[in-house]
Amino acid sequence: MLDASRGYVASQLALGQMLLDGIDGRRDAAQALAWFRVAADAGYPPGRNMVGRCLEKGWGVEPDHAAAAAAYRAAAEAGDDWGRYNLANMLLRGRGVPRDRLEAWALFHAAACNGHAKSMNLVARFLEEGWDRPRDLAAAMSWYWRSAEAGDYRGRHNLATALAERGRIDEAIGWWRLALEDATPDILEAMQDVLSELAHPAAASLLDAVRRARA
């Protein structure tokens, strides 16, 4: 990608992502990280976030959670919502940084208010569970709706679960069907657990689909 070599940071990031995903069936995580670093060193916040991802996941480099958190923080402080989300997750779990749910909340909330779907889901979790604040189920439900409508499969699963608990099974089934498209193994397992307890005609067929996805 010629624009990347000419110093266009968005192109550098795109080239790094292509190398990470694989070009012509060949994945080069080390070279991807090199391009992410070029973009990061130029001050491009998404580049800093992707350096953090590589350091956290061990893509092209030995995993280093402390360095990943530092890269995420640099991205977050420059206004990158993925950087906010990723740093908040590390703070929530105490990975690479001391555990700090209050700062995690602030980062998730800031990103959620900017329309970041995955952060919306975590804001809802904080409110539903009452982490460091009074439980607010109505507000949690609102954030789950926003996350689900913005396309996050975890938000869709959590919204569906909340709807099912309120007896709104038909609505819940619809959101679970949408969540199924992108759901990771942990969410598929959670969906199976909930659906197996529902006495509803549509739940049985969806449960079969979830089991096939897990197979």
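Restricting to region 169-201, give me the number of residues that are within 17 Å of Ala215 (Cβ to Cβ), small (Gly, Ala, Ser) and within 21 Å of the chain's Cα centre (by Cα).
2
What tally of residues in region 55-69 results from selecting those that are part of a helix (DSSP H, G or I) and touching a residue at least 12 places away in the same chain (Cβ under 8 Å)? Quick ask: steps written out before the conclusion?
Taking region 55-69 first, the residues part of a helix (DSSP H, G or I) are 55-57, 65-69.
Remaining after also requiring touching a residue at least 12 places away in the same chain (Cβ under 8 Å): 55-56, 65-69.
Going through region 55-69 one residue at a time, the tally reaches 7.
Residues are listed down the side, and each one gets a yes or a no for (1) among the aromatic types (Phe, Trp, Tyr); (2) surrounded by fewer than 18 Cβ atoms within 10 Å (Cβ to Cβ); (3) over 18 Å from Asp81 (Cα atoms):
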site: Ala111; (1), (2), (3): no, no, no
site: Gly115; (1), (2), (3): no, yes, no
site: Ser119; (1), (2), (3): no, no, no
site: Leu122; (1), (2), (3): no, no, no
site: Glu129; (1), (2), (3): no, yes, yes
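Any residue in region 156-174 that's at negative phi and not assigned by TED's automatic domain parsing to the domain that holds Ser205: show its pairings with residues that are part of a helix (DSSP H, G or I) and modelled with pLDDT of 95 or more at Cβ separation under 8 Å, as long as the two are six or more apart or on different chains.
As it stands, the answer is none, since no pair meets every condition given.
Report the residue count in region 6-33 for those that are free of Cβ contacts under 8 Å to residues at least 24 places away in the same chain and part of a helix (DSSP H, G or I). Working first, answer last.
Start the filter on region 6-33 by keeping residues that are free of Cβ contacts under 8 Å to residues at least 24 places away in the same chain, which leaves 6, 8, 11, 14-15, 18-19, 21-27.
Subsequent filtering for residues that are part of a helix (DSSP H, G or I) retains 11, 14-15, 18-19, 21.
Number of matching residues: 6.
How many residues, within region 95-109, are assigned to a helix (DSSP H, G or I) and either in contact (Cβ under 8 Å) with a residue 40 or more places away in the chain or more than 15 Å from the chain's Cα centre (by Cα) (or both)? Walk me through how you get there before you give the answer.
Of region 95-109, the ones assigned to a helix (DSSP H, G or I) are 101-109.
Pick out the ones that are also either in contact (Cβ under 8 Å) with a residue 40 or more places away in the chain or more than 15 Å from the chain's Cα centre (by Cα) (or both) and you get 101-103, 106.
Total meeting the criteria: 4.
Search region 34-54 for residues being assigned to a helix (DSSP H, G or I) and small (Gly, Ala, Ser), and hand back the single one that is farthest from Leu87 (Cα to Cα).
So, considering only residues that are assigned to a helix (DSSP H, G or I) and small (Gly, Ala, Ser), the one farthest from Leu87 (Cα to Cα) is Ala34.
Yes or no: Ser147 out of contact with any helix residue (DSSP H, G or I) (no Cβ under 7 Å at 6 or more places or on another chain) and surrounded by 13 or more Cβ atoms within 10 Å (Cβ to Cβ)? So that I can check it myself, show each step before the final result.
Values: out of contact with any helix residue (DSSP H, G or I) (no Cβ under 7 Å at 6 or more places or on another chain): no; surrounded by 13 or more Cβ atoms within 10 Å (Cβ to Cβ): yes.
In short, no.
Quick one: would you say Arg26 is surrounded by 13 or more Cβ atoms within 10 Å (Cβ to Cβ), basic (Lys, Arg) and assigned by TED's automatic domain parsing to the domain that holds Pro98?
Working: surrounded by 13 or more Cβ atoms within 10 Å (Cβ to Cβ): no; basic (Lys, Arg): yes; assigned by TED's automatic domain parsing to the domain that holds Pro98: yes.
Judged against the criteria, Arg26 is not a match.
The values are calculated or read from the model by the stated rules, or taken from the named source; none is laboratory data. Quantities reported herein were computed from a predicted structural model and do not represent experimental measurements. A quick note on method: Cβ atoms are made from the backbone with ideal geometry, for glycine too, and the neighbour counts reach across all protein chains shown.
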